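For reference, the structure is listed below as structure tokens.
The values are calculated or read from the model by the stated rules, or taken from the named source; none is laboratory data. Because the structure is predicted, anything quoted here is derived from the model rather than measured. Note: ideal-geometry Cβ built from the backbone for every residue, glycine included; neighbour counts use all protein chains shown. Each accessible area value is taken on the protein alone, full model and side chains, heavy atoms only, with ligands, DNA and RNA left out. Shrake-Rupley method; radii C 1.70, N 1.55, O 1.52, S 1.80 Å.
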Amino acid sequence: MAILHVRTISWLCAGLLGLSLVACDSKKTDTQPPDMVGPAKADDPAPPAAVTWPDEPFRATRPTPGPVPETPQPKLEQFTLDNGLEVYLVHQDILPTVTINIAFETGSANDPGNKQGRSSLCIDLLSEGTKNLDKVAFETKQADHAVNIYSFSGTESSSIGVSALKAQLDPALDLLAEMLREPGLRAEDLDRLRERNKATVLQQKGSPGSIARRVLGSVVWGKKHPYGGVTTEKTLSAITLADCKKVVSKLRPRGARMFVTGQVTAAEIKQAFTSKFGFWKGAAPKSKKIAKAKPGAGTIYLVHSPGAAQSVISVATPGPKRDAADYVPTEMMAKILGGSFSSRINMNLREDKGYAYGGRGSFRYYRGGSHFSAGSSVRTDATGPALREIAKEIAGMRDAPVTPEELKREREGALLALPARFSTARRTLGSFSNLVFYGLPLDWYATYQSQLAKLDAAAIQKAATDHLPQTGYVVLVVGDAEVVYDDLKAIADEKVFGGGGIKVLDADGQPTKLPEFAPKTEDQPVKGQPAK
Amino acid sequence: MCVPKRSSRRWSGLVVLFGVLCGLASPAVPQAVAADAPAQSASIDFERYKLDNGLEVILHQDRSTPQVAINVWYHVGSGDEVVGRSGFAHLFEHMMFQGAKHIGEDVHFDILKEIGGTSINGTTNTDRTNYFEIVPSNHLETGLWLESDRMGYMLDLLNEKSLANQQEVVRNERRQRYDNVPYGKDRFAVAEILYPEGHPYRYLTIGRHEDLEAAKLEDVRAFFQKWYVPSNATLTLAGDFEIDQAKALVQKWFGSFPALQKPTRTKVEPPPLQKTERRELKDSFARLVQVHYVWHAPAYLADGSFELDVASEVLGAQGWGRLYQRLVVGEKLAQLVYSYNHGKQFSGEFHIVARLKPGADPARVEAIIQEEIAKISTQPITEAELNRVKIGTESGFVWGLEELMSRANRLQSFNHFTGDPGYMKTYLQRVRALDVNAVLRESKNWLAKPRAEVITRPEKPTPHKGRPRGGTRKAPAAKGGK
């Protein structure tokens, strides 16, 4: 067996180069006993009108927190199996559960242009059955042991894995091994899944939210870019069983990563994989080099969704890579702009204007870059105004430093919420696997803390001016063109997001024409809409 | 060997012994093992007590990570709404985030965010309204300050502007979740068939636009005074605290609140359907035909509900369920099919939903669903099917113990419905005691009766006739930026 590292990842407070961290200041509290106030008697309920609620002075003051508690250091074990599979294990002994996820660096980014959807379809096919167990038999066998075996593919990562109670780990691994050794890969299953995916595409094209999710990547990155492909009925039809066999045959262990958590030890994992997965050899696929996204041309892309009660809006721009030196200020900037309920976009669109149920903005990271996207699902008549508010909020991040309250809220909040990322073994492993995915060092959270502690408003403003351009955004609107077009036209003419004009797309993201609308008459209040 | 070791470092307050699952090491065909299973398989340690004002407190200690989940259930939901005010319980939930006397207006999230709070939210269903957050354990008192202030002093900052704003927000929520999505109309249609005018389940928890618009400040005051009294709430703390210290803090922040009458809830049982009622809907967002059958079913945990849970799994389980096998794998007529039994406070609903492949014949799909309903109501399911459901249920409970907040909600839910936060033990005993004849009996009892049938068909949207739909042309003037 290869090297075994058992490491305690030092990431919080103690041992951190003596850094003085906000989160680590053991704020001294007065440990006086809390005021004991005589309770009202339970047997003399007064009628509501006569009720007086106590208003003790202590209620007016926010309580002082206790000393920052000691946080257990997460323990991550790393080792490599004989077949080259790199294992990351977080052990826990509280619950009799085990999860295993084997991740490969391949996904839809590797799909050829005319076969978009190949990776997802073919890797779904893998867990449809084995040579000896058809779909129903394979599922039944899993259910008989209350285990779940899965395979799926995302943009740049594909996974196979299993979750099981500890007592069922052995049969679970037997089934997983059988799936890898002798996958079913039946033509009839491929056809069924292909038809399912085609029907999914068909349905997605009817739903404004799905259309936006489907098309956004293509307008930000470009349809030919690995992150911009759009799966259509046509690309799905082009995928063959031979394609799938090839995709599946690339799922090999050497250089792939296996993330394990639960009531299981390194020795048990090694033993199980030696005895059950001896057949599994070869090199895992390597991720490919990804071209940068081109800056947006300030175009508003409009997809017409007749009768939509809301418009799904996104304002997007390409962003930096996840391992950029200014990641922390960039991330905090995005959080203040759109990262939470308290963010400027949400407080504006929802709590101030009442345009939406919520609004957010964030960077979506890929291995090869990112894009920022701010968006919301807004009342149809508020589409133009909401876009203008988002533009204002973006400009606000560039033009002035964030307030001390915002800085404090996000910086201290991020530091103090760190233990939440490690509160269970599964979350702990998730936090580390995320680092592994982006090629970041496993002690990254220590760096994160020290950078947060140093963070100031100037760095955040610099991140805004560096990564939120003054102009040249990609705007996507999925909504009722008949209602929203004039407002969008005005925004385009004023070059609020840049000078790219309006381009009308169909639900596949292909250029199309604006439908002819009947002539407009007087405005009338409309059912289901505010008469304001 | 079936007893897992406890956390080597710190006690987690969880006990998980293998019950049914232990007997299943490697059977080729699972056997009924319920009879000899130990009485207890999974449980959560807790202590429950009441303050003099009637506020219930449940403490679950888990010192493994320095966090506390704070979770308040008010025993009121949309099932307590009155005619003309559908959606009000949920609108009220939104108002609980708008501020209270001592914490200030609309800063609840800001404060929690700044102290490292996570999982911050509130939810409303027919039966209860809950509010929750996870805070670093040294900030437990800040969390109690926030929760006590809105329990005691929410009306102090209540104002017209914030109500008007949240009415609009909730209407946007309805648009986002129901009005602007495929199959959103279906859910309203089902409820309208099952529940007559006047029944609080008729317009769903989200409610009607016109009722949401009609809500007044007096409604908010009256609802608060009736339902949000300490004696109608249960506060659960789960996580890292000293028991005595937690009790003292709860006493400090909630103990001096007045003892007010616990409101009585009126159970409204829906009248049985006299005959099967069918609705055909056109949906401009849908691209696939959907068939949706619903029967009245027992209330949550009531007699018969466990058996119908089993029936829904046997029919609808993904992969091995009978309908899945026939409609998705066998005849390939359906894009998806699922079935679930949803017990609520007053009554329940048993659902079957099939979404069809383009071109599939709806009549054939309905015939298959009807055949399977007839079969499960006339012939016992197999022991293998029953066991699959049993171990799946038991295993699901174990997975559900992982997160602090799901443990808090688990204790709350059982406390709300049975008065015993530790009902999990009884629940699992009831699961293990199920037999195939009982499943047959209850399937026949409930599924052989008339039902609601809602068929959704894609609609080509008609071109607008002269004026825009879905929105006035001019946006309302902005109320002034921040």
Residue-ordered couplings for the range A:277-285, obtained by feeding phi - 60° into the Karplus form 6.51 cos²θ - 1.76 cosθ + 1.60 and rounding to whole Hz (Gly and Pro as x), are 10, x, 6, 8, 9, x, 8, 6, x
Other protein chain Cβ atoms within 10 Å, averaged over every residue that makes up A:348-361: 5
For chain B, the per residue accessible area (1.4 Å probe, Å²) is 36 Å²
Pull out a ≥ b ≥ c, the square roots of the eigenvalues of the alpha-carbon gyration tensor of the range B:42-83, then state rounded if a/c is under 1.5, prolate if not and a/b is larger than b/c, and oblate in the remaining case. prolate
More than 25 angstrom separation, counting every C-alpha pair in the range A:380-480; what % is that? 44 percent
Residues with amide H under 5 Å of A:Leu505's amide H, sequence separation 5 or more or different chain, H placed in the peptide plane at 1.01 Å from N; which? A:Leu302, A:Val303, A:His304, A:Thr512
DSSP beta bridges in the range B:277-458 [antiparallel fraction, %, rounded to 5]: 75 percent
If you stretched the chain out fully between B:Lys50 and B:Arg457, how much longer would it get, using 0.36 nm times the residue separation minus the C-alpha to C-alpha distance? 141.3 nm
Result for the range A:75-276: accessible area per residue, probe 1.4 angstrom, in square angstrom, of 33 Å²
In angstroms, what radius of gyration and Dmax does the range A:75-276 have, counting Cα atoms only? 18.1, 51
Taking each residue in B:177-186, count the Cβ atoms of any other chain within 10 Å of its Cβ, then average. What number comes out? 4
Just round it to a whole percent: the fraction of Cα-Cα distances in the range B:277-458 exceeding 23 Å. 45 percent
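Could you sort the peptides B:143-153, B:299-309 by per-residue average Cβ neighbour count (10 Å cutoff), highest mean leading?
B:143-153, B:299-309
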For chain A, the convex hull over Cα atoms projects on average to an area in nm² of 32.8 nm²
When Rg is the radius of gyration of the Cα atoms in the range B:133-281 and Rh is its Kirkwood radius, what does Rg/Rh come to? 1.06
Among B:Leu140, B:Thr123, B:Leu323, whose Cα lies farthest out toward the positive end of the dipole of chain B, if unit charges sit on the beta carbon of Lys, Arg (+1) and Asp, Glu (-1)? B:Leu323
If you put +1 on each Lys and Arg Cβ and -1 on each Asp and Glu Cβ, how big is the dipole of chain B around its Cα centre, in Debye rounded to 20? 1360 debye
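Stokes-Einstein at 25 °C, 0.890 mPa s, Kirkwood radius from Cα pairs: D for the range B:219-372 in µm² s⁻¹?
The Stokes-Einstein estimate is 124 µm²/s.
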In the protein assembly as shown, what percent of the accessible surface is made up of carbon and sulfur (1.4 Å probe, ligands and nucleic acids excluded)? 52 percent
What's the center-to-center distance, using Cα atoms, between the range A:61-109 and the range A:250-265 in Å? 13 Å
Can you tell me the relative contact order of the range B:47-254? Whole percent, Cα pairs under 8 Å, sequence separation 6 or more. 40 percent
Using a simple charge model, +1 on the beta-carbon of Lys and Arg, -1 on the beta-carbon of Asp and Glu, nothing else, what dipole does the protein assembly as shown show about its Cα centre, in debye to the nearest 20? 2940 debye
Per the rule of 0.36 nm per residue minus the C-alpha distance, extending A:Lys392 to A:Leu241 adds in nm 49.3 nm
Roughly what % antiparallel, to the nearest 5, for the DSSP beta bridges in chain A? 75 percent
Among beta bridges assigned by DSSP with both residues in the protein assembly as shown, the antiparallel ones amount in percent, to the nearest 5, to 80 percent
If amide hydrogens are placed 1.01 Å from N in the peptide plane, which non-local residues have theirs closer than 5 Å to the one on B:Gln61? B:Gly239
Give the ranking of A:Asp174, B:Asp106, B:Asp186, A:Asp493 by solvent-accessible surface, highest area first, calculated with a 1.4 Å probe. A:Asp493, A:Asp174, B:Asp106, B:Asp186
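When N is the residue count of the protein assembly as shown, what does its C-alpha Rg come to as a fraction of 2.2 N^0.38 Å? Don't skip to the answer; put the middle values down first.
On the way: Rg = 28.5 Å, N = 1014, 2.2 N^0.38 = 30.5 Å.
The protein assembly as shown yields a ratio of 0.93.
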Expressed to one decimal in nm², the mean projection of the alpha carbon convex hull of the range B:40-125 is 9.0 nm²
Given charges at Cβ of Lys, Arg, Asp, Glu: the range A:172-303 dipole, positive-most of A:Gly222, A:Gln263, A:Leu185: A:Gly222
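About the Cα centre of chain A, what is the dipole size in debye to 20, counting +1 per Lys and Arg Cβ and -1 per Asp and Glu Cβ, all else neutral?
Here the size comes out at about 1760 debye.
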How far apart, in nanometres, would the label points at A:Val51 and B:Glu213 be if each is projected 7 angstrom from Cα along the Cα-to-Cβ direction? 3.3 nm
Part-to-part distance (alpha-carbon centres) for the range B:390-438 and the range A:365-397, which is given in Å: 43 Å
Filtered trypsin sites (Lys or Arg not before Pro), the range A:261-318: DSSP coil and at most 14 other beta carbons within 10 Å: A:Lys281, A:Lys286, A:Lys288, A:Lys289, A:Lys292
Taking +1 at the Cβ of each Lys and Arg and -1 at the Cβ of each Asp and Glu, which of A:Thr231, A:Gln449, A:Leu85 sits farthest along the dipole of the protein assembly as shown towards its positive end, judged by Cα position relative to the Cα centre? A:Thr231
Relative contact order for chain A: what percent, with Cα pairs under 8 Å and sequence separation of 6 or more? 18 percent
Given a Förster distance of 35 Å, report the FRET efficiency between A:Ala267 and A:Glu188 from their Cβ-Cβ distance, rounded to the nearest 0.05. 0.25
The range B:335-429 - convex hull of the alpha-carbon atoms, volume per residue in Å³: 156 Å³
Please give the FRET efficiency for A:Thr403 paired with A:Thr465, using the beta carbon to beta carbon distance and R0 = 25 Å, rounded to the nearest 0.05. 0.90
Rolling a 1.4 Å sphere over the protein heavy atoms, what is the accessible area per residue of the range A:398-473, to the nearest Å²? 40 Å²
From phi via Karplus (6.51, -1.76, 1.60), per-residue ³J(HN,Hα) for the range B:371-381 in Hz, x at Gly/Pro: 4, 6, 5, 4, 5, 6, 8, 10, 10, x, 5
If amide H atoms are modeled at 1.01 Å from N in the peptide plane, then the residues at a separation of 5 or more from B:Ala297, or on another chain, having amide H under 5 Å from its own are B:Gly348, B:Glu349, B:Phe350
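Hull surface divided by four, with the convex hull built on the Cα atoms of chain B: how many nm²?
In nm², the orientation-averaged hull projection of chain B is 26.0.
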Which entries in the list A:Lys288/A:Lys408; A:Lys234/A:Lys294; B:Lys216/B:Lys344; B:Lys161/B:Lys460; B:Lys390/B:Lys449 go over 30 Å, if you measure between the two C-alpha atoms of each? A:Lys288/A:Lys408; B:Lys161/B:Lys460
Tell me, Kirkwood radius of the range A:300-505 from alpha-carbon pair distances, in Å? 18.0 Å
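When only Cα pairs under 8 Å and 6 or more residues apart are kept, what is the percent relative contact order across the range A:75-276?
Relative contact order here is 37 percent.
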Which whole number gives the average, over all residues in A:64-76, of C-beta atoms from other chains lying within 10 Å of the residue C-beta? 4
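Probe radius 1.4 Å, ligands and nucleic acids left out: can you give me the accessible area buried at the A-B interface, summed over both chains, in Å² to the nearest hundred?
Looking at A and B, the buried total is near 10800 Å².
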